[in-house]
Amino acid sequence: MPRLLDYPSQCAELEKMARLEPRPPATAEPAGLAPASPTATCLVCGISPARVCLGCDGVAYCGDDHRRLDLRWHAPVCPALRAIADDLAHLRERPRERLEAALLARARRSPAVPAGWDDWLGPDLSPAERRCLSDLATRPLTLAHLLTLLSDHVLKDTSRPTAIHVIAAAQRERDVSPGLWLELERLFPGRRFAFTLIGPELAADDLGPAVRVVPGLYRRAQWSELGRPDLVIGYDCGLLLYPSWKPTMHDLRGSGVPFAITSYRGWEAAGEARVLRAIGAEPLLPPCPNPFASLSARRSTTVANDFARDNAFVSAWR
Ligand SMILES: [Zn+2]
Ligand SMILES: [Zn+2]
């Protein structure tokens, strides 16, 4: 697990990201600090005891001087860090199966592919419940959204299941239950789906007849064994971070099979698009915000005042 960078390095990272994608300014007055706690350490100088921010319970400072020093970075993200803490508490109190049952009950009120979370989840949810349900369903719903946008390119043949290869699949994809993946069959009546999750961290352990799990890095050579997919998708696969993607992307471009990727941030999606164009991939859908991005954010493990949302941007290629 990566650890928090030292404070000057965190600030350098935040400066770099602010140049790429300016962050909206803080909307609320900065919160005060709790009494000093021996289990808290100052974000800026590392001293303990320290006083936790009352706004988010997510960072602590030795006192007002260091709180003020960090205000530029902390104030804009304090409400989002509060929401992250609330979501984690919400999840701790509710078994995943119960949340999923609530989600599917709501989903079944929506007969067609929805335009956004409001259509699918309805307006009458607590903010934490809404964010947590969106996080459970972001992968299948992002896929449904892409299938709608790419309907001209993904096989229309309904005599056999539409084959979806989920590449760079990891625990977060493994955690999506077959019932949620198969929600697509309700949203696209008359069509059946076959999902294959492929990723180096996965153990071969199929999740039922419609969801296969295959360990390993994804290569086109596997099509002889797995079958040719109708669509390949990589959720937040980090094309810019992992050099092991290069051969996979070379395999896919020009193969005739459309492939889609999602990204945490706009600048990441733009950088990935440059890489894909450079190897000759043709855009079917240029990077754009995803209406089915998770509403539940995830904290950075290296920068205290940073967070991202799964599947925030989508793009598709061939
Ligand atoms: Zn300090
Ligand atoms: Zn705070």
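The values are calculated or read from the model by the stated rules, or taken from the named source; none is laboratory data. Worth saying up front: this structure is predicted, and the values here are computed from it rather than measured. For neighbour counting, all protein chains shown are included, and Cβ atoms are generated from backbone atoms with ideal geometry for every residue, glycine included.
Filter segment 189-200 down to the residues that are hydrophobic (A, V, I, L, M, F, W, C), farther than 14 Å from Arg139 by Cα and in contact with a helix residue (DSSP H, G or I) (Cβ under 7 Å, 6 or more places away or on another chain) and list them by number.
Phe193 - this is the single residue of segment 189-200 that is hydrophobic (A, V, I, L, M, F, W, C), farther than 14 Å from Arg139 by Cα and in contact with a helix residue (DSSP H, G or I) (Cβ under 7 Å, 6 or more places away or on another chain).
Run Leu121 past the list (1) modelled with pLDDT of 95 or more; (2) in contact with a helix residue (DSSP H, G or I) (Cβ under 7 Å, 6 or more places away or on another chain) and report the number of the one that doesn't hold.
Going through (1) modelled with pLDDT of 95 or more; (2) in contact with a helix residue (DSSP H, G or I) (Cβ under 7 Å, 6 or more places away or on another chain) one by one, Leu121 breaks only (1).
Tell me, which residue of segment 107-158 that is out of contact with any strand residue (DSSP E or B) (no Cβ under 7 Å at 6 or more places or on another chain) and of a type in the set (S, T, N, Q) is surrounded by the most Cβ atoms within 10 Å (Cβ to Cβ)?
Within segment 107-158, the match that is surrounded by the most Cβ atoms within 10 Å (Cβ to Cβ) is Thr138.
Quick check on segment 178-235: of everything there that is touching a Lys or Arg at 6+ places or on another chain (Cβ under 7 Å) and at pLDDT below 95, which residue is farthest from Pro161 (Cα to Cα)?
The selected residue is Leu202.
If you go through segment 269-280, how many residues are of a type in the set (D, E, K, R) and closer than 27 Å to Ala12 by Cα?
2
Take the residues of segment 34-45 that are closer than 20 Å to Asp6 by Cβ and out of contact with any helix residue (DSSP H, G or I) (no Cβ under 8 Å at 6 or more places or on another chain): which is nearest to ligand 2 (Cβ to nearest atom)?
Ala40
Of the residues Ala12, Ala18, Ala85, Ala31, which is within 16 Å of ligand 2 (Cβ to nearest atom) and over 29 Å from Trp181 (Cα atoms)?
Ala31
If you check Gly254 against the conditions, is it on the phi > 0 side of the Ramachandran plot, free of Cβ contacts under 8 Å to residues at least 24 places away in the same chain and not β-branched (Val, Ile, Thr)?
no
If a residue has to be over 22 Å from Pro8 (Cα atoms) and out of contact with any strand residue (DSSP E or B) (no Cβ under 9 Å at 6 or more places or on another chain) to count, how many in segment 281-311 make the cut?
Residues flagged as over 22 Å from Pro8 (Cα atoms) and out of contact with any strand residue (DSSP E or B) (no Cβ under 9 Å at 6 or more places or on another chain) within segment 281-311 amount to 1.
Can you pull out the helices (runs of 4 or more DSSP H) entirely within segment 118-228 that have at least 1 residues that are more than 26 Å from Cys288 (Cβ to Cβ) and touching a residue at least 40 places away in the same chain (Cβ under 8 Å)?
127-149, 178-181, 223-226
Taking segment 52-80 as the region of interest, how many residues are within 15 Å of ligand 1 (Cβ to nearest atom) and not in a helix (DSSP H, G or I)?
Total meeting the criteria: 7.
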